[in-house]
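Visitor: Let me give you the structure first, and then I'll get to my questions.
The values are calculated or read from the model by the stated rules, or taken from the named source; none is laboratory data. Keep in mind the model is a prediction, meaning the values are calculated, not measured. Here the Cβ is made from the backbone with ideal geometry for all residues, glycine too, and neighbour counts use every protein chain on show. Remember, those area values only see protein heavy atoms, side chains included, never the ligands or the DNA or RNA. Shrake-Rupley method; radii C 1.70, N 1.55, O 1.52, S 1.80 Å.
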Amino acid sequence: DGGITQSPKYLFRKEGQNVTLSCEQNLNHDAMYWYRQDPGQGLRLIYYSQIVNDFQKGDIAEGYSVSREKKESFPLTVTSAQKNPTAFYLCASSIPGQGRVGVGGTEAFFGQGTRLTVV
Amino acid sequence: GQQVMQIPQYQHVQEGEDFTTYCNSSTTLSNIQWYKQRPGGHPVFLIQLVKSGEVKKQKRLTFQFGEAKKNSSLHITATQTTDVGTYFCAVNNNDMRFGAGTRLTVKP
């Protein structure tokens with residue numbers, strides 16, 4: 001079955017630790033995205049990647065890092081520089097848009113999410 | 001990336017009442033997508049609108065894209081308890097950005 005998988009589902013981090021969230025897709029999508037969602041809030045874009053070996057900062061990239069060495073994988077590292085990392089993290093993938101009006105991307109498929117808690 | 005503003009933030013209705021959420025942009029949009037997120041879940045794609053003035057229906061849900069492609073709406077007729085969740089609009093262009101969402105609660 002094609003889909004997008006995030007792991008782990010729940011993650012606990014100690015103060016000062018880096019942690020890495022996994023996101024894997026077998027949909028053959030070029031674009032992948034990471035979002036942060038706080039309770040009762042919307043989706044804020046952390047990083048996105050439209051092609052392998054390239055990625056761009058979103059609105060709240062500080063304290064996070066990513067890599068895109070393979071088309072299928074887009075791991076997110078939450079570093080110790082992120083002062084308030086407790087949140088629900090969502091990964092998504094799609095066929096990307098072209099960056100100009102009239103040439104948008106396709107629907108996004110989301111993983112089940114990772115709930116990160118600082119202890 | 002293209003940004004969208006979404007209102008209202010919350011909507012509480014009695015079962016059987018209608019519900020509408022709106023998205024607006026200051027720029028012309030390539031497309032507009034709508035997603036639903038159930039409590040505790042992840043967003044699930046509902047529909048994509050591309051053409052100016054486009055109207056699409058899915059059972060009790062009606063989606064519209066404005067003539068100028070700067071606004072969109074999702075209307076639910078006769079809400080049911082199964083409609084509970086947060087509805088997001090999104091624009092997938094160079095990046096993919098979401099509106100703030102409208103949280104719908106339905107009183108039986």
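Visitor: With unit charges on the beta carbon (Lys/Arg positive, Asp/Glu negative), name the residue among B:I7, B:L74, B:C89 whose Cα is farthest towards the positive pole of the charge dipole of the protein assembly as shown.
Guide: B:I7
Visitor: Where the only charges are on Cβ atoms (+1 Lys, Arg; -1 Asp, Glu), what is the dipole of chain B about its Cα centre, to the nearest 20 debye?
Guide: 160 debye
Visitor: Let me ask you something else. Bins of 5 Å, beginning at zero and ending with the bin holding the largest distance: percent of Cα pairs per bin for the protein assembly as shown, please.
Guide: Percent of pairs per bin, in order: 1, 7, 15, 19, 18, 16, 12, 7, 3, 1, 0.
Visitor: Further question on the same structure: Stick to the Cα atoms of the range B:1-97, pair each with every other, and give me the Kirkwood hydrodynamic radius in Å at one decimal.
Guide: About 13.7 Å for the range B:1-97.
Visitor: At 1.4 Å probe size, put A:R68, A:R115, B:R60 in order of accessible surface, largest to smallest.
Guide: Most to least solvent-accessible, the answer reads A:R115, B:R60, A:R68.
Visitor: If you don't mind, there's one more thing I want to ask. Please report the net charge: other residues with Cβ closer than 13 Å to the Cβ of B:T20, K and R +1, D and E -1.
Guide: -2
Visitor: Right, something else. To the nearest 20 Debye, how big is the dipole of the range A:11-84 about its Cα centre, given +1 on the beta carbon of each Lys and Arg and -1 on that of each Asp and Glu?
Guide: Roughly 180 debye for the range A:11-84.
Visitor: Could you let me know the centre-to-centre spacing of the range B:78-108 and the range A:17-47, using Cα atoms, in angstrom?
Guide: The range B:78-108 and the range A:17-47 have Cα centres spaced 18 Å from each other.
Visitor: Which value, in nm² and rounded to one decimal, describes the direction-averaged projected area of the C-alpha convex hull of the range A:23-67?
Guide: 3.7 nm²
Visitor: Could you give the size of the charge dipole of the protein assembly as shown about its Cα centre, using +1 on the Cβ of each K and R and -1 on the Cβ of each D and E, expressed in debye and rounded to the nearest 20?
Guide: Around 160 debye, computed over the protein assembly as shown.
Visitor: Oh, and also: Can you give the longest run of chain A that contains no GluC sites (Glu not before Pro) sitting in a DSSP loop with at most 12 other Cβ atoms inside 10 Å?
Guide: A:70-119
Visitor: Grab every C-alpha pair in the range B:41-87, bin the distances at 5 angstrom width from 0 up to the longest one, and report whole percents.
Guide: 5, 19, 27, 23, 16, 8, 2
Visitor: What number comes out for the charge environment of A:Y33, summing +1 per Lys or Arg and -1 per Asp or Glu over other residues with Cβ under 13 Å away?
Guide: Combined, the nearby Lys, Arg, Asp and Glu give +1.
Visitor: Continuing with the same structure: Using only the alpha carbons of the range A:1-110, determine the length spanned along each of the three principal axes and report them from longest to shortest in whole angstroms.
Guide: For the range A:1-110, the Cα extents along the three principal axes come out at 44, 31, 29 Å.
Visitor: Straight-line reach from B:K36: which aspartates and glutamates have Cα under 16 Å away, leaving out those fewer than 8 places along the same chain?
Guide: A:E107, B:D83
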